[in-house]
Structure formats: structure tokens, C-alpha cells
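Contents: one structure, followed by commentary.
The values are calculated or read from the model by the stated rules, or taken from the named source; none is laboratory data. Since we're looking at a predicted model, the values are computed, not measured. Counting neighbours? That spans all protein chains shown, and the Cβs are built from the backbone with ideal geometry, glycine included. Side chains are part of the model used for accessible areas, which takes the heavy atoms of the whole protein and leaves out ligands, DNA and RNA. Shrake-Rupley method; radii C 1.70, N 1.55, O 1.52, S 1.80 Å.
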Amino acid sequence: MPEFLKRGRDAVLRAEDHAKVRATVEDILSDIENRGDAAVRELSAKFDGWDRPDYRLTDAEIKSCLGELSKRDIEDIRFAQERVRNFAQHQRESMHDIEVETLPGVVLGHKNIPVNSVGCYVPGGKYPLLASAHMSVITAEVAGVDRIVTCAPPFQGKPAPAIVAAQHLAGADEIYCLGGIQAVGAMAIGTQSIAAVDMLVGPGNAFVAEAKRQLFGRVGIDLFAGPTETLVIADDTVDGEICATDLLGQAEHGGNSPAILLTTSRKLAHETMAEIERLLGILPTASVASKAWEDYGEVIVCDSEEEMVKEADRIASEHVQVMTRDPDYFLKNMSNYGALFLGPRTNVAFGDKVIGTNHTLPTMKAARYTGGLWVGKFLKTVTYQRVTTDAASAMIGEYCSRLCMLEGFVGHAEQANVRVRRYGGRNIPYGTAAE
């Protein structure tokens, strides 16, 4: 049975926090719907200290941001974006339209059609997370989305040059310096100056995640995303330093970011906890990471790899770093995760920033039923049918007529019956099933 050497904050307290967020978001979205740009401006001034008549960046402002970056900065951004684009293109090429004749004269098919417009949120209040621009904009572009809108909050009182550069180089059509609930609300609902989009994507804080949840249905979303989560699965083939580093590297995202160690080695568990305390004494982001570790950190000791798989699937973490003798065992047997990072040579930061897989991933146990953002999220797989012969129409019609009457749908049955009469030459009384 798994043994908890450390537990996180009580689930009841977490639920209370979420209830407060939910009420705040509901009020703000209602205000945006009622007052449009005026509400957005007030909210931006209140939460970000950022007020201007038009939040869309001009070409001159975009060029100025690019000019603030070094040649190396631009090269690094392009390198990361090429990795994301390359993998996204391979994903797109794996998806095919189909058309098949399932019976003589009956042709069925499906097409993959991109959504028309997407709003991409790029977090940047605490850290300028330019990687989120790669992940959303490029993936939407490869999918074939016509209009790609991006929003990112100001950073230190102005547009963040690195984020603006990433948005522009990725191919965004409209770039807004706007953050938080007011950004996703404006994109989804639409205002006098921002045309509404069909879909929202991208990570964000608890308020952004809740806004996306409440807006789902009005627009599509990529997934329900909460605080960054990381799970390290390790055995005695690695040491406490690498485990602690991988846990704290994600804990610095926010004070409510779960960081969990799952191991078969009690010795490694204690070494990792000691190493975490040491690193928190020197990590520049320790004020955030230490709160995440105190409130949401867990250490679990299991008896076997099989038990670790069972426990990992229960946790259903966003990121799962596997550092064991046989990492492929977990690739073969695990089913609930956002992304796997197999072996000590890779890590979550690679996936977050540069290796090419998408870093917008399911959290809060959503990995039980969905994967992360990918090209397919931007595509609608829609079906069509064609009946090419009289005989096929009459034959299918007879089955359809009887099945509709079995359900009591007389009008539906008549849609079938009229085809049987016209194309099969049969005399079926109105309101009866074909015999």
C-alpha cells in the first residue's frame, strides 16, 4: 500500500479557494458582456495598471519590441518555434480525410476542417512566458486557422518584448497587450474593438482557467487547465538532487502548483526532501516554490512499479517525469497523464520550452479523459453522406423506416418512406413502417 511521507493541503480548503475564484470570474465576465471596451479598460487599469485607448499593438510597437531583443534571443525563439512547427506538421499529416463506399451505392466520408478564428492567451504577469505563443499560435497556424488573435498582459508596465516577438514570429494576426479575465473575456465575448473568436486556447492562472471554463459553450476551448502539476516517478537509479530539481523547477510556476514524488526507494524519498530544503535556500524563485512545496508537495513510497503505475494513474498528473530502470514500462502501462518525459536525459522544462511537443496539457485530473493541445484540437472532423443509386436509397430507407417507427418518430419514418416509394416503387401507407 502506498505510504505518504508528505501530504499537500486539504482538498476542502482547495475547494473553498476555487469557489471564491468562480464568483469573481462570473461577475467580471458579466461586466464585459454588458459594457464591452469600457469594462475591459477598467479591469486592465485595476489589475495590470495598464490603460490605453486601443490594446492592439501597432506594427511600429511590434517592430520596437523585436528591436529590444538580441540576435541570439531571436535565433533561440526561432529554433524553438521550428521544433514546435515540425512536430505539429507531422501531427497534421497523420490526419486524413476519408471517403468510403460502405455498401453498394452508399458513400460516407469525413473532412477535417479548421475552426475559423482562435484566441490564444499567453501568460506573462509574473514571468514572460513566450513559449506559450509557440505552442498555441504555431499549432493553430499549421492546422489552417484563418484568424489567430493573441493576448498577453503587460510585463513591468509595458508589452513584454520577448512575448511580442514570439507572437509575431509565430504568425499571430492580431496582437493585444491585455491580460487576465478581461483578455479571455474580450476575445470570447467580443467588444467594440475586438471581434469575438470561435475558440480559446492557452494556459493561465486560476482566474483565466475559470474564465475559460465559464465561457466554454459560447466558444470552444482547448481543455480545462489549472495550476501546473508535476509528478516525478523515480527509483534508486537516480539521486535526490535531480528529483528535487525537477520538482522545484515546476513548483516555481505558482504557489498552488502540485509537485509529487512517487518512488520505490525510501532512501531516495528522504534524500529528495532534504535536497529540496537545501535548494530552497538558494533558488531565486524560492518564495513561490516553497509555498507550492509546503501546500501541494507530496512524497509517496510504493512497493513496486505496478503500484507506482496505479498511483500515477490515480494522480493523473499534467507532467510525469520517469527516471527508473525501465522508463518504457510506464509508457506501456500508464494511461492517465498529460505528457511523459522518459529517462533522466529529458525533463519537463524541455517540453515546456523547446523540444517540440506542446506544453498546454490537462490538469486537475483531466488527463483521465483528454490529452493536451495539438493540431487536432483546432480541427472539426465533420461527416457527410451520399447515396448514389435508387436501389441503395430504397434499401436503407426500409431499415430506417422500421427503426424510426420503433422509436415512435413517425415524421422521421416518412423521410425514409418517401424514398422507398420514389426509388423502390413500393406503396407504403403514410404513417406506417416499411415491411
Query raised in the report: In what sequence, highest mean first, do 145-154, 168-177, 281-290 appear when ranked by Cβ atoms within 10 angstrom?
Result: 145-154, 168-177, 281-290
Query raised in the report: On alpha-carbon atoms, Rg over Rh for region 26-96 using Kirkwood Rh?
Result: 1.19
Requested in this report: Have a look at Ala292, Ala349, Ala339 and tell me which one the Gaussian network model of the chain (Cα, springs below 10 Å) gives the largest fluctuation.
Outcome: Ala349
Query raised in the report: In degrees, nearest 10, range 0 to 90: what is the angle between the Cα axis of helix 410-424 and the longest Cα principal axis of the chain?
Result: 60
Query raised in the report: Roughly how many debye, to the nearest 20, is the charge dipole of region 290-401 about its Cα centre, given +1 on each Lys and Arg Cβ, -1 on each Asp and Glu Cβ, and no other charges?
Result: 540
Query raised in the report: Of the heavy-atom accessible surface of region 14-91 (probe 1.4 angstrom), what whole percent is carbon and sulfur?
Result: 48
Report task. May I ask you to evaluate 6.51 cos²θ - 1.76 cosθ + 1.60, the Karplus curve with θ = phi - 60°, for each residue of region 398-407 and list the ³J(HN,Hα) values in order in whole Hz, giving x for glycine and proline? Result -> 4, 4, 4, 4, 5, 5, 5, 5, 4, 8
Report task. Please report the relative contact order for the chain, taking Cα pairs under 8 Å with a sequence separation of at least 6, and give it as a percent rounded to a whole number. Result -> 18
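Could you quote the convex hull projected area for region 295-435, Cα atoms only and averaged over all directions, in nm²?
So the Cα hull casts an average projection of 15.3 nm².
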Query - Range of Cα positions in region 133-199 per principal axis (Å), largest first - result: 34, 27, 16
Query raised in the report: What order do you get for 93-103, 360-370, 133-143 when each peptide is scored by the mean count of other beta carbon atoms within 10 Å, highest first?
Result: 133-143, 360-370, 93-103
Query raised in the report: Given a 1.4 Å probe, how much area per residue of the chain is accessible, in Å²?
Result: 47
**Report entry** Residue-by-residue Karplus 3J(HN,Hα) for region 56-73, coefficients 6.51, -1.76, 1.60, Hz, glycine and proline x
**Finding:** 6, 6, 7, 4, 5, 5, 5, 4, 5, 4, 4, x, 7, 9, 6, 4, 5, 4
Query - Relative contact order %, region 69-120, counting alpha carbon pairs below 8 Å whose residues are six or more apart - result: 21
Requested in this report: Enumerate the calculated ³J(HN,Hα) couplings along region 242-252 in order (Karplus 6.51 cos²θ - 1.76 cosθ + 1.60, θ = phi - 60°), each rounded to whole Hz, writing x wherever the residue is Gly or Pro.
Outcome: 5, 5, 4, 4, 5, 6, 6, x, 9, 4, 6
Requested in this report: List, largest first, the extents of the alpha carbons of region 182-341 along their principal axes, each in whole Å.
Outcome: 60, 38, 19
Query raised in the report: Quick one: with all protein chains in place, what share of the accessible area of region 310-435 is carbon or sulfur, to the nearest percent (1.4 Å probe)?
Result: 54
**Report entry** Accessible area of region 123-189 belonging to carbon and sulfur atoms, whole % at 1.4 Å probe
**Finding:** 53
Requested in this report: Quickly rank 210-221, 304-315 as a protection proxy: mean count of other C-beta atoms within 10 Å, highest first.
Outcome: 210-221, 304-315
Requested in this report: Would you mind computing, in nm to one decimal, how far apart the modelled labels at Asp27 and Lys71 are, each placed 7 Å from Cα along Cα→Cβ?
Outcome: 5.3
Query raised in the report: Using Cα atoms only, what is the angle between the long axis of helix 286-296 and the major principal axis of the chain, expressed in degrees (0 to 90) to the nearest 10?
Result: 60
Query raised in the report: Could you give the radius of gyration (one decimal) and Dmax (whole number) of the Cα atoms in region 138-258, in Å?
Result: 17.3, 59
Query - Rounded to the nearest 20 debye, dipole of region 232-311 from Cβ charges on Lys, Arg, Asp, Glu - result: 320
Requested in this report: Using just the alpha carbons, could you tell me how many Å³ per residue the convex hull of the chain encloses?
Outcome: 195
**Report entry** Relative contact order (%) - criterion: Cα under 8 Å, at least six apart; region: region 41-165
**Finding:** 30
Query - Residue with peak Gaussian network fluctuation, the chain [Cα springs, cutoff 10 Å], from Asn336, Asn34, Asn116 - result: Asn34
